[in-house]
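The values are calculated or read from the model by the stated rules, or taken from the named source; none is laboratory data. What you see is a predicted model; the values in this text were computed from it and never measured. Quick reminder, even Gly has a Cβ in these numbers, built from the backbone with ideal geometry, and neighbours come from all protein chains shown. With ligands, DNA and RNA removed, areas are computed over all heavy atoms of the protein, side chains included. Shrake-Rupley method; radii C 1.70, N 1.55, O 1.52, S 1.80 Å.
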Amino acid sequence: MDIDIKEKSSKTTKRTIVDIENLEKYFTTKDGRFQALSDINLHIVEGEFVSIIGGSGCGKSTLLRIIGGLEREYEGNVQIDGQKVTAPSREKGFIFQDHRLLPWMTVKENIRFSLEKSKKNDDFWIQKYIDLVGLSGFENALPKELSGGMAQRVAIARALANQPKILLLDEPFGALDAITKIHLQDQLLEIYEKEPITMILVTHDIDEAIYLGKRVVVMTPRPGKIKRIKSIDIGKPRRRTGPEFTRMKDELYKDFFSEVEIPFSYTI
């Protein structure tokens with residue numbers, strides 16, 4: 001596994017919030033038992049944005065579900081803030097590809113529904129997160145009255161309103177058109193600047209992984225292993241073009257395609 005030196009030294013500069021050591025995950029189906037994840041070791045510091053990329057079947061979503069407590073049977077050690085992950089909780093916010101809003105509730109009520117009891121009647125608190133995702137004026141809209149991108153923004157607001165320690169994003173923009181996807185990526189970066197919680201993004205989009213992440217974790221398939229952890233430094237404000245972005249994209253594409261026996265070619 002190729003890991004940047006920064007991966008090893010980052011633990012000394014900030015508090016580590018996610019510790020994954022020797023993680024193994026197996027599934028049993030009618031065709032037998034198979035291994036989904038093998039020897040996963042990953043440490044994420046507080047306030048970091050980490051992207052996890054890999055092809056279909058590499059186990060990246062399974063890894064995210066384990067971190068979020070949705071998959072409870074695994075071997076090895078997975079801890080958040082020093083506590084072993086055993087179940088879902090409000091400290092772990094989850095955003096899926098499907099927004100999963102309750103269709104009979106308004107934007108405001110969808111956010112209210114997810115809150116702990118002490119904040120359920122705090123309209124100022126709910127409005128703060130509606131404003132944060134740029135949906136002021138749509139408080140009373142139903143999900144069917146929103147575009148796909150707007151619905152995902154509600155899902156982000158709903159997750160952030162619980163003030164989680166970690167926000168887990170499982171291909172949240174995968175079902176959106178290209179223009180909407182770009183707009184939401186930009187908005188997620190703006191939110192991250194205002195609410196700098198730890199974020200872990202699973203995606204198959206290499207451009208998205210580079211543009212959003214401070215580090216990119218590259219996984220190989222069957223069983224899923226970490227092949228490389230790449231630190232991302234493309235400056236601020238972030239841009240989708242330029243020599244550094246292109247160089248990192250080129251390196252990560254080569255990591256991807258080295259797993260299959262096809263010619264690799266990438267040009268600007």
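Scanning the range 215-255 for residues that are among the polar types (S, T, N, Q), under 25 Å from His183 (Cβ atoms) and touching a residue at least 12 places away in the same chain (Cβ under 8 Å) turns up just one, Thr246. Within the set Asp122, Asp81, Asp98, Asp131, the sole residue that is at positive phi and of a type outside the set (Phe, Trp, Tyr) turns out to be Asp81. Restrict the check to the range 51-69 and report whether at least one residue is open to solvent by 50 Å² or more (accessible area, probe 1.4 Å), among the small types (Gly, Ala, Ser), farther than 18 Å from Pro172 by Cβ and not in a strand (DSSP E or B). Looking for residues that are open to solvent by 50 Å² or more (accessible area, probe 1.4 Å), among the small types (Gly, Ala, Ser), farther than 18 Å from Pro172 by Cβ and not in a strand (DSSP E or B), one finds at least one in the range 51-69, hence yes. The lone criterion from (1) touching a helix residue (DSSP H, G or I) at 6+ places or on another chain (Cβ under 7 Å); (2) closer than 16 Å to Ile166 by Cα; (3) loosely packed, with under 15 Cβ neighbours inside 10 Å left unmet by Lys120 is number (2). For the range 135-150, the condition holds for at least one residue, the condition being that it is touching a helix residue (DSSP H, G or I) at 6+ places or on another chain (Cβ under 8 Å), among the acidic types (Asp, Glu) and either at pLDDT below 95 or surrounded by fewer than 21 Cβ atoms within 10 Å (Cβ to Cβ) (or both).
Residues of the range 164-178 that are open to solvent by 10 Å² or more (accessible area, probe 1.4 Å) and out of contact with any helix residue (DSSP H, G or I) (no Cβ under 9 Å at 6 or more places or on another chain): Lys165, Ala178.
Only residues in the range 186-212 that are more than 12 Å from Ile232 (Cβ to Cβ) and in a strand (DSSP E or B) count as the first member; pair them with residues that are of a type outside the set (Gly, Ala, Ser) and open to solvent by 10 Å² or more (accessible area, probe 1.4 Å), Cβ under 7 angstrom, at least 6 apart or cross-chain, and list the lot. Qualifying pairs under 7 Å: Thr198/Glu46; Thr198/Glu48; Thr198/Lys165; Met199/Tyr192; Val202/Lys60; Val202/Asp170; Val202/Glu171; Thr203/Glu171.
Looking at the range 121-141, is at least one residue among the aromatic types (Phe, Trp, Tyr), closer than 15 Å to Ile191 by Cβ, outside any loop (DSSP other than H, G, I, E, B) and in contact (Cβ under 8 Å) with a residue 24 or more places away in the chain? Yes, the range 121-141 contains a residue that is among the aromatic types (Phe, Trp, Tyr), closer than 15 Å to Ile191 by Cβ, outside any loop (DSSP other than H, G, I, E, B) and in contact (Cβ under 8 Å) with a residue 24 or more places away in the chain.
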